[in-house]
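Okay, here's the structure, questions in a sec.
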Amino acid sequence: MGSRRLNVVSYLGSQPLFKDMSAPELARIAAASTVRRLSRGEELFHAGQSCEGLYLVIDGMIKLYAKAPSGHEKVIEVIGAGGCVSESLMFSEGAHSVNASVLFDVQLLVVPKDVLVHEIEHNAGLAMRMLTGLSRRMNGLVKDIEAVTLHSGVKRVVDYLLHSPVVGEAHNTEQDVTVSLPASKGTIASLLSVTPEHFSRILHDLQANGLISVERRHIHILDAQRLASYA
């Protein structure tokens, strides 16, 4: 993480959620917010814990996960720089329903809930942007449920690779592209609801069929069109 002091007002103004807010509004939020740094493996919050505010990820990476009494974990979402956590709890009095821990050393801007709720009550644009973000995230979770219940593990892995932003327009070309997994293979496997062993077997089979090559966390897509039709 960078050692330079963060200009909180400028940072807030650069984030889509706070765009079009006036300088006094940004200054008011910034004055109440705090920068927090956590190291890999540290917990940000636990399920059942009350929500202190909105977490904006400046850099680093966080995973949201559920944990069974047996200790088994299911990764729900991986959130990197530019993302935010706990938006839904700005509109309710509920507690966190999942856990959050640090995958890579993270720097966060924590906006207190009462401060943000006050701004939401007086700024329709901010409220609509938050609701738009929540809608987008909910649609993503619905698609995840659909994929787990209706699609095979192979298709989930293939779709994950092809929907990576780096693939982009190469999806319909024969251009080689490289997808760098944002976290460990075990974390990505949990995110896709397959076991680490199954995930490794799928990658091995895709590689054996000449569709990808694997170099640690870097997966080279050799033919996006063939890969799309494989699953």
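Treating only the Cβ atoms of Lys and Arg (+1) and Asp and Glu (-1) as charged, compute the dipole magnitude of the chain about its Cα centre; round to the nearest 20 debye.
Using only the charged Cβ atoms, the result is roughly 300 debye.
Could you tell me what fraction of 2.2 N^0.38 Å the Cα radius of gyration of the chain comes to, as a two-decimal ratio? Write down the numbers at each step before the final one.
On the way: Rg = 19.5 Å, N = 231, 2.2 N^0.38 = 17.4 Å.
That works out to 1.12 for the chain.
Relative to the longest principal Cα axis of the chain, at what angle does helix 196-208 sit, 0 to 90 degrees, rounded to 10?
It is inclined by approximately 50 degrees.
Here is a further query. Could you give the dipole magnitude of region 8-138 about its Cα centre, charging the beta-carbon of Lys and Arg +1 and that of Asp and Glu -1, in debye to the nearest 20?
On the way: 12 positive and 14 negative charges, 59 e Å.
That gives a dipole near 280 debye.
What ranking of 5, 40 emerges when the number of other C-beta atoms within 10 Å of each C-beta is taken as an exposure proxy, fewest first?
Listing 5, 40 from fewest to most nearby Cβ atoms yields 5, 40.
Another question about this same structure. Return the calculated 222 nm mean residue ellipticity for the chain, to the nearest 500 deg cm²/dmol, obtained by summing -39500 (n - 2.57) across DSSP H runs with n ≥ 4 and dividing by the residue count.
-12000 deg cm²/dmol
Can I ask one more? Let me have the relative contact order for the chain, percent, based on Cα pairs under 8 Å that are six or more residues apart.
That works out to 18 percent.
Angle, helix 153-162 long axis vs. longest principal axis of the chain, Cα atoms, 0 to 90°, nearest 10?
Around 70 degrees separate the two axes.
Read-outs throughout are calculated quantities, based only on the coordinates presented, and are distinct from any laboratory measurement. For clarity, every value in this text was computed on a predicted model and none was experimentally measured. No Cβ is skipped: glycine too gets one built from the backbone with ideal geometry, and neighbour counts run over all protein chains shown.
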